[in-house]
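Novice: Here you go, one structure.
The values are calculated or read from the model by the stated rules, or taken from the named source; none is laboratory data. This is a predicted model, so every value here is computed, not measured. Note: ideal-geometry Cβ built from the backbone for every residue, glycine included; neighbour counts use all protein chains shown. Protein only, heavy atoms only, side chains kept; ligands, DNA and RNA dropped before computing areas. Shrake-Rupley method; radii C 1.70, N 1.55, O 1.52, S 1.80 Å.
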Amino acid sequence: MILSLAAEVSPWDIALCVTGTLISCENALVIAVLFYTPTLRAPMFILIGSLAVADLLAGLGLILNFVFTYLIDSSVEFVTLLSVGLLISAFSASVFNILAITVDRYLSLYNALTYHTERTVTFTYVMVVFIWVSCLTLGLLPALGWNCLRDESTCSICRPVTKNNAVALAVTFLLVFALMMQLYLQICKIAFRHAQQIAVQHQFVAISTTKGVSTLSAILCAFGACWLPFAMYSIVADSSYPVIYTYATVLPATCCSVINPIIYAFRNPDIQKSLWMACCGCVPSNLSLRPRTSSDV
């Protein structure tokens with residue numbers, strides 16, 4: 001039975017499963033480093049850890065979706081609803097955790113003098129719990145009846161999510177992306193102002209600030225390039241459209257969870273130090289160990 005199915009496996013589904021495996025491995029490494037390093041307990045690292053958990057679940061969801069599609073009878077409603085619920089919850093949590101990290105970076109610059117006293121670990125945990133409760137609720141909606149299993153004509157490009165629900169999720173993402181753009185624009189303005197106030201040499205302003213703006217641009221471009229095609233396609237298309245277009249927009253969206261650990265975790269010098277210590281028991285001499293805050297970009 002498995003051999004007969006193997007010949008019918010879609011290359012797109014294989015690509016999504018491989019992507020899910022890569023996502024799971026990357027983010028499992030991030031979670032392990034944060035869990036086994038007691039010094040990484042600041043609010044910034046809590047948010048990074050929450051993002052890693054979301055992306056890990058997204059990767060596992062992609063793998064389970066492949067298993068459910070080809071190794072288990074996907075016509076069983078419970079299997080379909082479980083798969084889509086996990087993916088909606090995980091990817092929603094990933095997007096909202098990225099927004100939370102963006103807000104955290106903005107506040108750390110806007111309230112630089114009082115940030116460390118106002119931004120407590122307890123407050124961060126409350127925010128993370130709120131994000132996860134909201135996203136788990138979104139994932140439960142298809143199981144609570146918000147699905148198209150009884151009326152296939154109302155399906156979106158991602159069965160069994162209805163067209164109306166898919167549009168609502170896509171519009172919510174576009175609003176989140178617009179908010180992120182506004183926050184990063186404000187971060188750039190504040191960074192330029194701070195650099196001009198504290199810099200003694202003009203060269204420092206030119207190099208340091210330009211590097212920060214380039215990093216912010218890369219973050220926004222990567223996030224937008226991954227998610228915007230899928231969000232826009234979800235708004236205009238429905239289940240009658242060729243499935244290849246759905247795959248072509250879903251795959252880049254999942255790649256965002258591949259990029260997230262690189263942008264938000266592996267670039268952090270404290271996490272880099274922990275990784276080097278875990279791998280070889282040493283720290284490279286060229287690794288910057290200066291104190292950093294969540295405003296670092």
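Novice: In this structure, does Phe68 turn out to be at pLDDT 90 or above, touching a helix residue (DSSP H, G or I) at 6+ places or on another chain (Cβ under 9 Å) and in a helix (DSSP H, G or I)?
Specialist: Against the criterion (at pLDDT 90 or above, touching a helix residue (DSSP H, G or I) at 6+ places or on another chain (Cβ under 9 Å) and in a helix (DSSP H, G or I)), Phe68 does not qualify.
Novice: Let me ask you something else. Going residue by residue through segment 45-57, is there one that turns out to be open to solvent by 30 Å² or more (accessible area, probe 1.4 Å) and under 24 Å from Met277 (Cβ atoms)?
Specialist: The answer is yes; a qualifying residue exists.
Novice: What about Arg105, is it open to solvent by 50 Å² or more (accessible area, probe 1.4 Å), among the basic types (Lys, Arg) and either closer than 17 Å to Asn260 by Cβ or more than 12 Å from the chain's Cα centre (by Cα) (or both)?
Specialist: Answer is no for this residue.
Novice: Another question about this same structure. Cβ-Cβ below 8 Å, separation at least six or inter-chain, first residue in segment 93-107 and within 16 Å of Ala52 (Cβ to Cβ), second buried (at least 22 other Cβ atoms within 10 Å of the Cβ) and among the acidic types (Asp, Glu): which pairs?
Specialist: Ser94/Asp55
Novice: Now, a different point. Within segment 58-86, count every residue that is touching a strand residue (DSSP E or B) at 6+ places or on another chain (Cβ under 9 Å) and either open to solvent by 50 Å² or more (accessible area, probe 1.4 Å) or of a type outside the set (S, T, N, Q) (or both).
Specialist: Here the count works out to 3.
Novice: Okay, moving on. Among the numbered conditions (1) of a type in the set (Phe, Trp, Tyr); (2) open to solvent by less than 30 Å² (accessible area, probe 1.4 Å); (3) in contact with a strand residue (DSSP E or B) (Cβ under 9 Å, 6 or more places away or on another chain), tell me where Tyr184 comes up short.
Specialist: Failing condition for Tyr184: (3).
Novice: On the given criteria, is Ser288 over 20 Å from Glu26 (Cβ atoms), at pLDDT 85 or above and hydroxyl-bearing (Ser, Thr, Tyr)?
Specialist: no
Novice: Looking at this structure, is Thr39 in contact (Cβ under 8 Å) with a residue 60 or more places away in the chain and either touching a strand residue (DSSP E or B) at 6+ places or on another chain (Cβ under 6 Å) or open to solvent by 40 Å² or more (accessible area, probe 1.4 Å) (or both)?
Specialist: In short, yes.
Novice: Within segment 154-174, can you find the residues that are without any contact (Cβ under 8 Å) to a residue 40 or more places away in the chain and of a type in the set (Ser, Thr, Tyr)?
Specialist: Thr154, Thr162, Thr172
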